1. Counting just the residues of segment 9-37 that are surrounded by 15 or more Cβ atoms within 10 Å (Cβ to Cβ) and touching a residue at least 60 places away in the same chain (Cβ under 8 Å), which one comes out farthest from ALA145 (Cα to Cα)?
2. How many residues are surrounded by fewer than 18 Cβ atoms within 10 Å (Cβ to Cβ) and more than 18 Å from PHE87 (Cα to Cα) if we restrict to segment 128-150?
3. Could you say which residue among SER188, SER173 is modelled with pLDDT of 95 or more, among the small types (Gly, Ala, Ser), part of a helix (DSSP H, G or I) and surrounded by fewer than 15 Cβ atoms within 10 Å (Cβ to Cβ)?
4. When ASP46 is evaluated against the numbered criteria (1) in contact (Cβ under 8 Å) with a residue 60 or more places away in the chain; (2) open to solvent by less than 70 Å² (accessible area, probe 1.4 Å), which criterion, by number, is the only one it fails?
Amino acid sequence: MTRNVDDLSLVQACRAGRTEAYGLLVRRCQDRLFPTILRLMGSHEDAQDVLQDAFVRGFEKLDQYHGDSSFYTWIYRIAVNLALTRFRRRRLGGVLRLWGPNRGQLALDPPDQSPGVDPAFAMEQAEREAVVAAALGELAPEQRAVVVLKDFDGRRYEEISEILNIPIGTVRSRLHRARSQLRDRLRSLVEDADPALPDVESVRP
């Protein structure tokens, strides 16, 4: 509740002309939002574009924020729905930019090279993320969304229903189908990949 009140006070300050307050809200949310939008969009560039547009739209719609939820939850819904709209348009256009500039190189963060990090572990983690992201990229947008929101972000069925504006029963059925397809795709990807990659069970979301 305290954070919600704090969020509302920052929004009210922004409405009063102190736009730097919105910058603080953005800084609080952007790093938490980015992994979700990256999984939905499949590339850093697209995820950054969606986040930027989401915060612009949030600023334009500040009058609609009343403090019933945290600002993060409110902007999360805007960003997720914007990402889904963009992704659907891109799929309809026949363009799926899951992969990076070099064929076979996924557009994900490079392994953590900071001191104290085991290089072998970092590489294995990057490979696992690449396999999962590739499988996610082949799902339909609606199925991809429920998997990301439920299995990666830990959202409740009721929250997903509200965010995506679909019945809870539809959330459950989409998630069941998506998980089934994801398991099949992960199995296929792992079998076709380098033997050093982890097995299917270890890369399940």
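The values are calculated or read from the model by the stated rules, or taken from the named source; none is laboratory data. Worth saying up front: this structure is predicted, and the values here are computed from it rather than measured. When we count neighbours, we look across all protein chains shown, and the Cβ atoms used for this are built from the backbone with ideal geometry, even at glycine. Heavy atoms of the whole protein, side chains included, go into the accessibility calculation; ligands, DNA and RNA do not. Shrake-Rupley method; radii C 1.70, N 1.55, O 1.52, S 1.80 Å.
1. LEU10
2. Count: 2.
3. Among SER188, SER173, only SER173 is modelled with pLDDT of 95 or more, among the small types (Gly, Ala, Ser), part of a helix (DSSP H, G or I) and surrounded by fewer than 15 Cβ atoms within 10 Å (Cβ to Cβ).
4. Failed condition: (1).
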